[in-house]
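One structure below.
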């Protein structure tokens with residue numbers, strides 16, 4: 001019996017899972033962020049290794065199998081894992097590849113959009129060609145991500161105190177989030193303290209909680225439009241004619257984001273199917289591990305893998 005260990009690493013959390021070769025989930029674990037853009041190279045490596053070793057505790061003695069890391073990690077991660085898992089096959093890939101494998105079987109034309117702390121859109125045509133849009137990180141892109149929403153929220157709060165917009169609930173929550181008692185304190189904190197990016201992305205939850213305020217709804221609608229723009233560009237570059245669109249990630253749990261995204265897509269592709277991804281990226285890691293070994297993952301096994309979706313809720 002061989003085993004598969006998969007990892008889905010991101011800017012907020014890292015999930016790992018252990019399966020047998022038939023796709024039965026044996027255990028899973030959750031760690032902190034493992035995106036090196038957010039926490040640095042060494043911390044990212046440490047998180048990935050911990051995530052894998054935690055689920056590996058359930059392995060029988062002298063087990064063999066495959067490990068596939070999706071997102072997070074560093075160039076040194078592979079060397080560290082080779083020391084700990086002698087004889088195992090170790091594959092390094094990104095969160096784009098695992099998300100794509102989870103949503104679109106090979107040969108199926110479509111676009112996958114994920115929006116969490118960061119975001120990206122990836123298109124695939126029937127020949128297997130791919131194109132990624134965004135995923136540039138919070139300074140250069142990630143438009144429509146939780147971090148982007150957090151930045152829009154901060155700017156809205158600034159405008160609120162200047163009398164340009166009205167969002168008292170959001171302003172109150174943001175001030176509490178940063179333990180600020182005045183606008184000057186908030187400005188000082190944001191520009192002189194070591195504010196972590198996860199603190200910015202966490203503001204997206206506050207925007208959702210205050211969505212009865214028009215300003216907050218507009219932020220969520222704008223996030224949906226930005227994500228749709230990336231999805232449409234990915235489809236355009238590959239010349240897709242009849243793509244399906246699949247979305248996932250915490251940002252899309254907001255109805256405002258999803259419906260704004262859908263409206264924008266329907267203007268260009270009025271008959272395109274638009275839905276949430278049938279599988280989460282961690283299941284995509286299992287699928288990739290099978291495929292790199294030349295094994296197909298039949299529909300019934302994909303159904304079995306859906307149990308992993310529960311740990312994302």
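None of the figures in this text is laboratory data; all of them are computed from the coordinates on show. No experiment lies behind these values; they were computed from the predicted model shown. As a convention, Cβ positions derive from the backbone with ideal geometry for all residues, glycine included, and neighbour counts pool all protein chains shown.
What is the angle, in °, between the Cα long axis of helix 214-238 and the longest principal axis of the Cα atoms in the chain? Nearest 10 is fine, range 0 to 90.
Its long axis makes an angle of about 40 degrees.
For a distance above 28 Å, tell me the whole-number percent of Cα pairs in the chain that qualify. Could the numbers behind the result be given before it?
On the way: 20688 of 48828 pairs.
Distances greater than 28 Å cover 42 percent of the Cα pairs.
Could the peptides 95-102, 122-129 be put in order, highest first, of the mean number of other beta-carbon atoms found within 10 Å of their residues? Let's see the in-between values first.
On the way: 95-102: 26.4, 122-129: 17.9.
Final packing ranking: 95-102, 122-129.
If the elastic network links every pair of Cα atoms under 10 Å, which of 114, 79, 302 fluctuates the most in the Gaussian network model of the chain?
Maximum among the listed residues: 79.
Contact order normalised by length for region 107-277, with contacts defined as Cα pairs under 8 Å and 6 or more residues apart; what percent is it?
Details: 298 pairs, mean separation 51.8, N = 171.
It rounds to 30 percent for region 107-277.
Note the angle between two axes, namely the Cα long axis of helix 281-292 and the longest principal axis of the Cα atoms of the chain, as a number of degrees from 0 to 90, rounded to the nearest 10.
30
Could you tell me, in Å, what Rg and Dmax come out for the Cα atoms of region 185-254?
Gyration radius and largest Cα-Cα distance of region 185-254: 16.3, 52 Å.
Would you mind telling me which residue in 11, 118, 65 has the biggest mean-square fluctuation in a Gaussian network model of the chain, where springs connect alpha carbons within a distance under 10 angstrom?
Largest GNM mean-square fluctuation: 65.
If you average 1/r over all unlike Cα pairs in region 107-277 and invert the result, what Kirkwood radius do you get in angstrom?
Details: mean 1/r = 0.0602 Å⁻¹.
This gives a value of 16.6 Å.
Pull up the DSSP beta bridges for the chain and report the antiparallel fraction as a percent, rounded to 5.
On the way: 24 of 44 bridges.
Antiparallel: roughly 55 percent of the beta bridges in the chain.
Of the residues 116, 163, 107, which exhibits the maximal mean-square fluctuation in a Gaussian network model of the chain defined by a 10 Å Cα contact cut-off?
Comparing 116, 163, 107 in the GNM, the peak value goes to 163.
Return the calculated 222 nm mean residue ellipticity for the chain, to the nearest 500 deg cm²/dmol, obtained by summing -39500 (n - 2.57) across DSSP H runs with n ≥ 4 and dividing by the residue count. Each step should come with its number before you reach the end.
Values: 13 runs with 143 residues, N = 313.
That comes out to -14000 deg cm²/dmol.
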